[in-house]
Structure formats: structure tokens, C-alpha cells
1. Label residue 53 and residue 186 with points 7 Å out from Cα along Cα→Cβ: what is the distance between them in nm?
2. When DSSP beta bridges are limited to those with both residues in the chain, what percentage is antiparallel, rounded to the nearest 5?
3. On a C-alpha basis, how far is the centre of the stretch 143-166 from the centre of the stretch 1-68 in Å? Whole number, if you could?
4. Could you list, bin by bin from short to long, the percent of Cα-Cα pairs of the stretch 108-153 in 5 Å steps?
5. Within the stretch 157-171, find all residues whose amide N lies under 19 Å from a label point positioned 7 Å from the Cα of residue 179 along Cα-to-beta-carbon.
6. I need to check one value: relative contact order of the stretch 5-240, counting alpha carbon pairs closer than 8 Å and at least 6 residues apart, in percent.
7. Given q = 0.21 Å⁻¹, what are the Debye log10 I(q)/I(0) values for the stretch 1-125, with equal point scatterers placed on the Cα positions and solvent ignored?
8. How far, in nm, would the chain grow between residue 231 and residue 97 when pulled straight, counting 0.36 nm per residue and subtracting the alpha carbon separation?
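The numbers here are math on the coordinates, done by the rules we state, and not lab data. Nothing here was measured: the structure is a model prediction, and the numbers come from that model. Please note: Cβ atoms are built from the backbone with ideal geometry, for glycine as well, and neighbour counts cover all protein chains shown.
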Ligand SMILES: C[S@@+](CC[C@H](N)C(=O)[O-])C[C@H]1O[C@@H](n2cnc3c(N)ncnc32)[C@H](O)[C@@H]1O
């Protein structure tokens, strides 16, 4: 697969570096460390938004250890609703599987590459979520695939790194990340530089909230809105497939 750097904020290619396989067992702890636990609040907000939508089938792409789908399931959604939780890493999926407990019947775990998901029929999904995964892939391919699998009127919900307002604070945040992330990452991963290299690059290069919304509009999504969380460290974008 050829890599389009401008489109892949973290310049991460899953087939070349199995970093998520290597850190799967430590991923949850790393999230807490890198975000000081604030990712839990962001993900709760995403789960609230998903739970308010009308859907029967939710696809959670790049599900990782299943944080989003588990939070959605905790909202006691009707038993008829189904979640397809997918990720490219079998090790991450194995951890997600271990957390399902009583919810196993509502969830199908699938190994899928968000760039191309031939196992998911066109127009078969009512809602599609990607949390903290869009910066580590070719986002135009992933968004195009989202548009294909969503039914007309279906919702796309994206949680991703964004731009803090005002701009000087964003620059200060990036400086803080550049200094602290390697130190935290080095200690927490026993020296596996990949884990924080991609995070840093992805956060720095991912488009701001306005630009991502414009890209989504360009690609054919409509009714796009976004919410900045924690001053804009991340944003949640919500869009609809026309129809
Ligand atoms: C930063 S983690 C996010 C996990 C989870 N959604 C969360 O919010 O904590 C990114 C995940 O994306 C997965 N991933 C990376 N490239 C992918 C691709 N092309 N298709 C599907 N999943 C991918 C990784 O294996 C990893 O589990």
C-alpha cells in the first residue's frame, strides 16, 4: 500500500510496524498516562453521542481494547442493537474480547482494515465511530470507506486530536507534548519508541477541527458539526451520509 504522507498524520503503516500488537497489554495504562486519565471523559462524551443516535448496527472502527463500544454497552442499549467492533490488530481485539463479559451476544469482533472493509456490505451500517484512529491511517481512504458502509442518513462520529484555541496555547501544548511524551513513553514502554513517535507526529500533523469538517464536507458528508473537548486537545466530529 503506498503511503500518502499528507493524508496520514502519524505516517503510520500497520503492515510495517506492529506497534499496537506489541503494546496491546499496556495500551489502557498508556492512555491513562499520556492523557492523565482525561481520555476517559472524552470517550464518555462520544458514547453519550452514539447512544443518542438512532441505530441498530454500530461499527466501531479501530476499536483497540474496546473503550468506545464498552461505554456504549454500559448505557443499557436495547438488546436488539448490534455492535461490530473492528481493528487491524488481533492482539488489541483479544483484549477487547476479554472485557466483553455479559455483553458478548451483542458484539461481533472482526479484524478489519479501516481503509478497505470488503466484509462489511455497502449501506449496511447505521452509525460508524472511530476514536483516536483517524490520525494513524490514510484518512481520505478511511472516510471514503465510512461513506460506503454507512446507510443513507447514517452517522459518522469521530474523536480525534484537534487544535486548541487560542493558537499560542496550541503551540505551547505541542511543545509540552514534544518534551514530555518521549520521557513518559520511554519509561512506560521500556524503550519502544514507536508508541510515542506516532502519537506525537499524529497530534502535530492532524488537521484542526475546521479543516477536518471541510474535508468531510468535500468527501460527501453533510450536517457536519463538531465539539471541542478540553479546550480543543481533541474534538468530536459528527456527520451524516446524505440521503
Ligand atoms: C490509538 S488506538 C485507538 C483505540 C481505541 N479506539 C481508543 O479510543 O482507545 C488506534 C487503534 O487503531 C488500530 N489501527 C491502526 N491502523 C488501523 C487500520 N488501518 N485499520 C483498523 N485499525 C487500525 C490499532 O491497532 C489500534 O488499536
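1. 4.1
2. In the chain, DSSP labels about 40 percent of beta bridges as antiparallel.
3. 13
4. Computed distribution, short to long bins: 5, 21, 33, 28, 13, 0.
5. 164, 167-171
6. Reported as a whole number, the value is 23 percent.
7. Scattering profile of the stretch 1-125, log10 relative to I(0): -1.38.
8. Numbers: separation 134, 0.36 × 134 = 48.24 nm, distance 3.32 nm.
Working it through step by step, the gained length comes to 44.9 nm.
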